[in-house]
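Only the coordinates and a few stated rules stand behind these numbers; no lab work does. The model shown is predicted, which means the values in this text are computed figures rather than measured ones. Reconstructed Cβ throughout: ideal geometry from the backbone, glycine too, with neighbour counts over all protein chains shown.
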Amino acid sequence: MVFPGMALLQRAKGPDSFWKKRRLFRLTAHFRGRNRNVWTLVLRNVKRALVRATKGRIERKKDMHDLRVTRITAAVEEHGFTQPLFADGLNRSRVYLDTKVLADLSIWEPRTFKALTHLAWSKTFKDRVEGVDEQGTPPANVAIKDLKDS
Amino acid sequence: MTALGRVKQWNTFARTWHLFDAKWQNPIESGPTVAKYLQGLHKPIFHPMSECGDHVVVINTKDIALPGDEWRLRVYFHHTGYPGGASWTKAWELHDKDPTMVMKKAVYIAMDGTLQRRYNMLRLHLFADERVPDEIMQNVTNQIKPLRYVPPSLYDYSEEEIEKFPKIVDYPHDYVIR
């Protein structure tokens, strides 16, 4: 059958709703209960899930930072020093390593990390940083006299 | 994996047994310290999802020292679940009933209320005095540094040292020491 005239002027229909729904159903495949299959619930929950995913991308970075600080704290306390003083000492010594590198060093390069701890300890002791006296005497044989004061 | 690598891995991931002498220590301060070792927070490989905590053997819990009026004021709450089943036990009463309980509660409170807490507590071994079974004591390889210095009492010095201690005067012969 041929429809000349008005039938051709009809507005083009959108994409098939089946495929539109299928796009979202793929995102809810791992949901629990009716949230997986019921379209009205899917619409609502996909939106919420995507919002949470966006927030999670920021939260994950904070969590990883906290974990690395925890690990560095453990590694520093092995050598009888504290983490805040350690971070301060490295900054004063112009050792600009981030928490990721420091945490990796503490696991895979413990001797290197020990040297960094001693460096930070000696530097903070030399600069008379508040609270460093409570940690006792700094390790001997650490040459920091060539470091320029920052 | 090389033999050296294997040994390194054993040393990294093996459970260690720590000894903590609670004599004259404040349990409120000691709790977080012990909890740190139970959770594995003292290791650079710590991860909340991996169970990397160690065993801690706490001895001399009968000699703990709560500060100030805490023995009288500190109260432990328990509820049986039935109506009228609430009970409040003072710290000194609890310590009389079980000399390890105050320390145990202090460690339990120091940990976050996660699912891991009960399993961490299973790795805590509390003893009222210095008598620890050999099968536990033979595992211990490390001692946690006490938070407070325990000064020696007069009984810890030998008679010779007490004799040599400088005196201002000697007691007269007819002086009666009570």
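Loop-located GluC sites (Glu not before Pro) in the stretch B:75-167 (DSSP state other than H, G, I, E, B) with a sparse environment of at most 12 neighbouring Cβ atoms within 10 Å: B:Glu130. When you restrict to C-alpha pairs under 8 Å that are six or more residues apart and normalise by the size of chain B, the relative contact order lands at 30 percent.
What percent antiparallel are the DSSP beta bridges of the protein assembly as shown, to the nearest 5? Mind showing how you got there, number by number?
Working: 5 of 16 bridges.
Given both bridge residues lie in the protein assembly as shown, the antiparallel proportion sits at roughly 30 percent.
You can think of it this way: the chain between B:Thr114 and B:Val132 has 3.5 nm of extra reach, that is 0.36 nm per residue less the Cα-Cα gap.
Return the calculated 222 nm mean residue ellipticity for the protein assembly as shown, to the nearest 500 deg cm²/dmol, obtained by summing -39500 (n - 2.57) across DSSP H runs with n ≥ 4 and dividing by the residue count.
-14000 deg cm²/dmol
For the peptide A:106-118, the mean number of other protein chain Cβ atoms found within 10 angstrom of a residue's Cβ is 1.
If the elastic network links every pair of Cα atoms under 10 Å, which of A:Pro138, A:Pro15, A:Pro84 fluctuates the most in the Gaussian network model of chain A? Checking each option, the largest mean-square fluctuation is seen for A:Pro15. In terms of its C-alpha gyration tensor, the stretch A:90-150 comes out prolate, because a/c is 1.5 or above and the ratio a/b outweighs b/c. For the protein assembly as shown, the normalised intensity computed at q = 0.11, 0.14 Å⁻¹ comes to -1.01, -1.23 (log10 of I(q)/I(0), Debye sum over alpha carbons, equal scatterers, no solvent).
Report, as an integer, the average count of C-beta atoms from other chains found within 10 Å of each Cβ along B:38-44. Don't skip to the end; give the middle numbers.
Numbers: counts 0, 0, 1, 5, 5, 7, 18.
Per residue, the average neighbour count from other chains is 5.
Taking the square roots of 5 times each eigenvalue of the Cα gyration tensor of chain A, largest first, gives ellipsoid semi-axes of 63, 18, 12 Å.
Based on DSSP loop calls and a cut-off of at most 10 other Cβ atoms within 10 Å, the longest stretch of chain A free of exposed trypsin sites (Lys or Arg not before Pro) is what? Walk me through the numbers before you get to the answer.
Details: sites that count: A:Arg11, A:Lys13, A:Arg32, A:Arg128, A:Lys145, A:Lys148.
For trypsin sites (Lys or Arg not before Pro) (loop position, at most 10 other Cβ atoms within 10 Å), the longest site-free span of chain A is A:33-127.
Against the main long axis of the alpha-carbon atoms of chain A, helix A:83-92 sits at an angle near 80°.
With a 10 Å cut-off around each Cβ of A:68-74, the average count of Cβ atoms from other chains is 4.
Percent of alpha carbon pairs in the stretch B:1-147 separated by more than 22 Å?
Values: 4941 of 10731 pairs.
So the pairs more than 22 Å apart make up 46 percent of the total in the stretch B:1-147.
Anyone know which of B:Pro99, B:Pro67, B:Pro133 comes out most mobile in the 10 Å Cα GNM of chain B? Result for chain B, Cα springs under 10 Å: B:Pro133 fluctuates most.
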